[in-house]
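First up is the structure itself, then whatever we jot down about it.
The values are calculated or read from the model by the stated rules, or taken from the named source; none is laboratory data. What you are looking at is a predicted structure, and each value in this text was computed from that prediction instead of being measured. No Cβ is skipped: glycine too gets one built from the backbone with ideal geometry, and neighbour counts run over all protein chains shown. These accessible areas exclude ligands, DNA and RNA; they are computed on the full protein's heavy atoms, side chains included. Shrake-Rupley method; radii C 1.70, N 1.55, O 1.52, S 1.80 Å.
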Amino acid sequence: MAVQNDEVTIEVPTHEDWEDIYAMFSAGINIDGDPQSLEAERPLFEPGRSLIVRAGGRVVGTLGANTRQIAVPGAVVPAAHGCRGAVSATMRRQGILTRLMRKHFEDARALGEPITLCWASEGRIYHRFGYGLSVRRLGLNVNAREVTVPKGEEPGRIVEGTVADLRDALVKVYDQVYADRPGWSERTAAHWDYRLADTMAMRQGASALRVAVHEGDDGIDGYALWRVRSNWTANGPIGDTVVIEQVSTTPEAYRALWRFLLSVDLTRSASTWAVGVDEPLYYWVGEPRQLDAHLCDALWIRVVDVPKALAARRYATPIDVVIEVTDDFMPENSGTWRLTGSPEAATCTPTSEQPELWFDVRALGAAYMGGTSLSALVDAGLVKEVRHGALAEASTAFRWHKSPYAFELF
């Protein structure tokens with residue numbers, strides 16, 4: 001049922017609304033959109049997980065979600081993958097996005113999703129709704145002529161093929177890896193269709209999508225999706241290898257694929273928009289400064305069910321602590337809980353005991369994937385230590401042995 005507010009309504013859309021939603025969202029992020037992208041994204045549209053705002057019969061706002069699981073420290077949890085959030089320029093500052101967010105959180109919680117997450121067009125938008133910056137990414141622009149890659153003795157070989165021929169192998173490799181890397185999301189057939197769609201908008205002036213796999217002793221154990229952006233000067237070629245994603249199940253495949261990507265004919269650089277902050281290239285190549293890395297935000301996480309979220313993940317070391325959480329936007333999420341956890345299991349139950357740590361809900365989102373120190377959040381004013389010693393214990397437990405990262409927009 002529509003929620004009425006004067007002449008503005010918030011509704012659950014139908015499949016017939018997709019083109020209006022696509023057009024409105026494209027305008028909201030200042031792009032024109034195109035027929036190829038419209039059709040490529042259509043299968044990912046879940047009307048029942050979406051909201052639209054109408055004014056005078058016209059779609060002036062939208063917020064959607066993809067129903068997916070995501071890897072977190074030691075586990076995989078259901079999470080609302082927030083997407084297509086925008087309000088028309090003429091309808092801003094009327095509380096529309098606030099209403100959309102509130103309903104989005106309520107729906108996720110009702111569906112048993114303890115967290116919701118998104119890529120932020122602008123981080124400032126999401127602080128006020130309780131999101132925390134949980135996953136960061138490194139972008140690389142590698143000077144391949146200056147980066148010395150050690151000569152490899154790894155067994156196996158690199159093989160190129162078509163997306164159609166190698167798709168099953170890509171799926172198998174990704175499924176072997178994703179659950180062990182916080183920040184990576186499961187992929188259904190529809191998600192793979194979109195990832196491999198290769199529209200002109202996705203190419204951004206580069207070549208068609210290319211695929212290379214590494215064949216080890218036990219079969220294909222790694223792959224790279226990449227393009228080439230051709231460029232020439234009077235002195236010859238200066239092309240760029242654009243790495244979309246590189247996924248490996250073995251260190252040997254990882255090294256062999258990067259050695260290949262950094263030596264593509266007629267290129268002088270390799271770029272990728274997202275690798276982890278613990279990217280092994282830093283420790284492998286001869287001159288890490290020539291990676292030209294820049295740090296940026298990636299996933300923002302909003303905890304919508306505190307006890308369920310904290311019990312769903314695992315902890316690097318044993319933890320037994322009483323925490324108080326304040327959530328001004330979702331008061332039902334505020335309270336005091338006893339968190340008990342380890343690398344194998346966790347529980348989080350209401351308690352009347354005195355808190356040992358206080359969290360703003362944004363801090364829980366920031367720390368959830370294991371890549372953010374609670375001590376840093378104390379300095380940011382989002383965590384307070386009540387019992388001396390509780391901070392060091394909890395900060396160690398919340399971290400994880402693999403830094404989270406994300407490279408797939410949704």
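Summary table
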{"read-out": "Charge context of L257, other residues only, Cβ under 14 angstrom, K/R +1, D/E -1", "value": "-3"}
{"read-out": "Within region 302-356: Cβ-based charge dipole about Cα centre, in debye rounded to nearest 20 (Lys, Arg +1; Asp, Glu -1)", "value": "280 debye"}
{"read-out": "Net length gained if the chain between L295 and H401 were fully extended (0.36 nm per residue, minus Cα distance)", "value": "36.2 nm"}
{"read-out": "Separation of the A345 and H127 label points, Cα + 7 Å toward Cβ, nm", "value": "4.1 nm"}
{"read-out": "Spatial separation of Cα centroids for region 232-275 and region 116-163, in angstrom", "value": "13 Å"}
{"read-out": "FRET efficiency for E106 and D168, using Cβ-Cβ distance with R0 set to 51 Å, rounded to 0.05", "value": "0.85"}
{"read-out": "Residue range of the chain that is longest and free of GluC sites (Glu not before Pro) which are both DSSP loop and sparsely packed (at most 14 other C-beta within 10 Å)", "value": "154-343"}
{"read-out": "In region 30-93, the trypsin sites (Lys or Arg not before Pro) that fall in loop regions by DSSP, at most 16 other Cβ within 10 Å", "value": "R92, R93"}
{"read-out": "Inter-label distance, nm, simple model (7 Å from Cα along the C-beta direction), H15/K308", "value": "2.8 nm"}
{"read-out": "At R0 = 56 Å, FRET efficiency that the Cβ-Cβ distance of S207 and R93 yields, to 0.05", "value": "0.85"}
{"read-out": "Per-residue HN-Hα couplings for region 233-250 [Karplus 6.51, -1.76, 1.60; θ = phi - 60°; Hz; x = Gly/Pro]", "value": "10, 4, 9, x, x, 9, x, 10, 7, 9, 8, 7, 7, 10, 10, 9, 9, 9"}
{"read-out": "Simple Cβ-charge dipole of the chain, Lys/Arg +1 and Asp/Glu -1, about Cα centre, in debye nearest 20", "value": "680 debye"}
{"read-out": "Cα Rg over Rh - region 86-175, Kirkwood", "value": "1.17"}
{"read-out": "Solvent-accessible surface (1.4 angstrom probe) belonging to T14, in square angstrom, nearest 10", "value": "60 Å²"}
{"read-out": "Per residue, in Å², the accessible surface of region 327-410 once ligands and nucleic acids are set aside, probe 1.4 Å", "value": "45 Å²"}
{"read-out": "Semi-axis lengths (Å, descending) of the ellipsoid that matches the C-alpha gyration tensor of the chain", "value": "37, 30, 18"}
{"read-out": "Extension gain from N141 to V159, taking 0.36 nm per residue of separation minus the Cα-Cα distance", "value": "4.0 nm"}
{"read-out": "Evaluated at q = 0.10, 0.14 Å⁻¹: base-10 log I(q)/I(0), Debye formula over Cα of region 188-292", "value": "-0.32, -0.62"}
{"read-out": "Accessible area expressed per residue, region 271-318, with surrounding protein chains retained (probe 1.4 Å, Å²)", "value": "40 Å²"}
{"read-out": "Ratio of the Cα radius of gyration of region 354-408 to 2.2 N^0.38 Å, where N counts its residues", "value": "1.14"}
{"read-out": "Region 1-82 - accessible surface per residue (Å², probe 1.4 Å)", "value": "47 Å²"}
{"read-out": "Counting DSSP beta bridges with both ends in region 1-123, the antiparallel % (nearest 5)", "value": "90 percent"}
{"read-out": "Long-range HN-HN contacts of S88 with modeled amide H, under 5 Å", "value": "G61"}
{"read-out": "Projected area averaged over orientations for region 1-62, convex hull of C-alpha atoms, nm²", "value": "4.4 nm²"}
{"read-out": "Shape of region 95-253, Cα gyration tensor, a/c cut at 1.5", "value": "prolate"}
{"read-out": "Debye log10 I(q)/I(0) for region 274-406, one point scatterer per Cα, at q = 0.12 Å⁻¹", "value": "-0.50"}
{"read-out": "Rounded to 5, percent antiparallel among DSSP beta bridges of the chain", "value": "90 percent"}
{"read-out": "Length released on extending from V177 to T148, taking residue separation times 0.36 nm less the Cα-Cα span", "value": "7.7 nm"}
{"read-out": "For region 112-117, Karplus couplings with θ = phi - 60° (6.51, -1.76, 1.60), whole Hz, Gly/Pro x", "value": "x, 8, x, 9, 10, 9"}
{"read-out": "Prolate/oblate/rounded label for region 33-73 (Cα gyration tensor, a/c 1.5)", "value": "oblate"}
{"read-out": "Reach of K384 by Cα under 16 Å, taken over aspartates and glutamates that are not fewer than 8 positions away in the same chain", "value": "E324, D327, E356, D360, E393"}
